[in-house]
Every structure is written in structure tokens, then in C-alpha cells.
Amino acid sequence: MRTVDFDLYLVTDRKTTGGRELSWVLEQALEGGVRAVQLREKDLGGRALLELARDVKRLCDRYGAELFVNDRVDVALAADVAGVHLAANSMPVKVARELLGPDRKIGVSTHSPAEVRTASDAGADFVLFGPVYATSSKLPFGDPQGPASLKAATDCTSLPVFAIGGIEQRHLPEIKAHGTARIALISAISEAPGPRAAARDLLAALRA
């Protein structure tokens, strides 16, 4: 049975590590308690992405963490990771499931309650919803949707919903009051002076 037993989903961007090695940032985050990572390095070609995925999987395996590859089902299979993460306009969940088989997990990015319902009906295992707050990484997806829209998204599905978009620790009480205690983020950990402490503090606040 596919279960989603993590509440903090770290999305990678090796350009937002403050000049530090991605592997160092990830290991710090894993030491801080992160147990799910999405490898999202869209500028890499297939071979480079596969090599990175294999390296990151070895790191995740040491900490009992799951690795998801953004969009590239072929790389996810070749690197033998936990699953894939699909954009809202990516290949259909049903097609990804046929390729991945029954055991790997599929996450889907969504930007409206309607997209949440579509992903849920198609057989996704979890969804990201956002952007909840303002963030440069989500500018193509429009203005921040805010906590009320997050609540509408969580109310329309039984799937785990992860809030994404400008998430900082100060937002967690509001997010938890609007339907979810699960978050996905990049900069709050990758740009933090101490990624390990940032991950630890975020998890403690989520679970408080």
C-alpha cells in the first residue's frame, strides 16, 4: 500500500543554496529530519539528472528518506526512487502510473481546487497546492492564492495536501488553521544559514 507518511517535502534548486553544494544542503536537511525530497533541476539533461538522482538517492537512503524526481518518469525508474512529481500540465497521472507500476508514488502540483479534484480522481497519492504566499519561484502561476484557497483545496479531497509557495515558519499556524499540517518548500531550508536547524525548527512547529 502506498502511504504518504511525511509532512515536510523539500524541493531542490541547486541555484538557491547560497553557493553551497546541493549535497551538503540536503544532508543538513536530512539530519534535521526531512524525510522526503523532490529533485527538481529542470535545466539538467537526462544523463546529468540521472547521475544526480542516483547520488541523491544514496544520500536519502542513509537517512531513510524518500526521493521523488520532478516530471521525468524515465529517470525515476532508472534511479529506482520512490516516485515522481508531476506538474499540473505534465503527463496524465494514469499514464505515469502505467509506466511506474503500482508501488511507486505520484505527487501532483495543483493551483486550484478543480486541479486538486482532477489529480485525486486520476489516482495521485498526494498533491501540492499553491502558491499560498508570494514567491519568485511560483510567479508563472499567478498571484498568491492565500489561506482561504488552501482551505478550499483541502476540503475537496481526502488526499494529503501540501501547501507550497513562500512558506516560512511564521506561516505555519495560519496554514494549520486552514486545513493542512503538510508543507513543501525550497528557500526556507536551502537558503537558510543552517539548513539542519531550519528543517528541525519547521518540523517542530508543524507538529506542535
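Just so it is clear, none of the values below were taken in a lab; they were calculated from the coordinates. Quick caveat: nothing in here was measured; it's all calculated off a predicted structure. Cβ coordinates were reconstructed from backbone atoms using ideal geometry, including for glycine residues, and neighbour counts include every protein chain displayed.
Hey, does region 47-54 have a residue that's charged (D, E, K, R) and closer than 26 Å to LEU202 by Cα?
Of the residues in region 47-54, the ones charged (D, E, K, R) are 47, 51, 54.
When the remaining residues are screened for being closer than 26 Å to LEU202 by Cα, the result is none.
No, the conditions are met nowhere in region 47-54.
Quick check on LYS176: is it touching a residue at least 60 places away in the same chain (Cβ under 8 Å), surrounded by 16 or more Cβ atoms within 10 Å (Cβ to Cβ) and charged (D, E, K, R)?
Details: touching a residue at least 60 places away in the same chain (Cβ under 8 Å): no; surrounded by 16 or more Cβ atoms within 10 Å (Cβ to Cβ): yes; charged (D, E, K, R): yes.
Spelling it out, it is not the case that LYS176 is touching a residue at least 60 places away in the same chain (Cβ under 8 Å), surrounded by 16 or more Cβ atoms within 10 Å (Cβ to Cβ) and charged (D, E, K, R).
Do we find a residue being in a strand (DSSP E or B) and surrounded by 20 or more Cβ atoms within 10 Å (Cβ to Cβ) anywhere in region 18-35? Talk me through it step by step, then tell me what you get.
Start the filter on region 18-35 by keeping residues that are in a strand (DSSP E or B), which leaves none.
No; the residues of region 18-35 include none that is in a strand (DSSP E or B) and surrounded by 20 or more Cβ atoms within 10 Å (Cβ to Cβ).
Have a look at ALA197, ALA122, ALA208, ALA148 and point out the one that is touching a Gly at 6+ places or on another chain (Cβ under 9 Å) and aliphatic (A, V, I, L, M).
On the way: ALA122 fails: touching a Gly at 6+ places or on another chain (Cβ under 9 Å); ALA208 fails: touching a Gly at 6+ places or on another chain (Cβ under 9 Å); ALA148 fails: touching a Gly at 6+ places or on another chain (Cβ under 9 Å).
Of the residues listed, the single one that is touching a Gly at 6+ places or on another chain (Cβ under 9 Å) and aliphatic (A, V, I, L, M) is ALA197.
Are any of the residues in region 101-114 hydroxyl-bearing (Ser, Thr, Tyr), surrounded by fewer than 19 Cβ atoms within 10 Å (Cβ to Cβ) and under 22 Å from PRO147 (Cα atoms)?
At the first step, the residues of region 101-114 found to be hydroxyl-bearing (Ser, Thr, Tyr) are 109-110, 112.
Among the residues that remain, those that are also surrounded by fewer than 19 Cβ atoms within 10 Å (Cβ to Cβ) are: 112.
Cutting the leftovers down to under 22 Å from PRO147 (Cα atoms) gives us 112.
Yes, that holds for at least one residue.
For region 36-59, what are the residues that are closer than 18 Å to THR16 by Cα, in contact (Cβ under 8 Å) with a residue 12 or more places away in the chain and exposed (fewer than 15 other Cβ atoms within 10 Å of the Cβ)?
The one that is closer than 18 Å to THR16 by Cα, in contact (Cβ under 8 Å) with a residue 12 or more places away in the chain and exposed (fewer than 15 other Cβ atoms within 10 Å of the Cβ): LYS42.
Would you tally the residues in region 60-90 being buried (at least 17 other Cβ atoms within 10 Å of the Cβ) and in a helix (DSSP H, G or I)?
5
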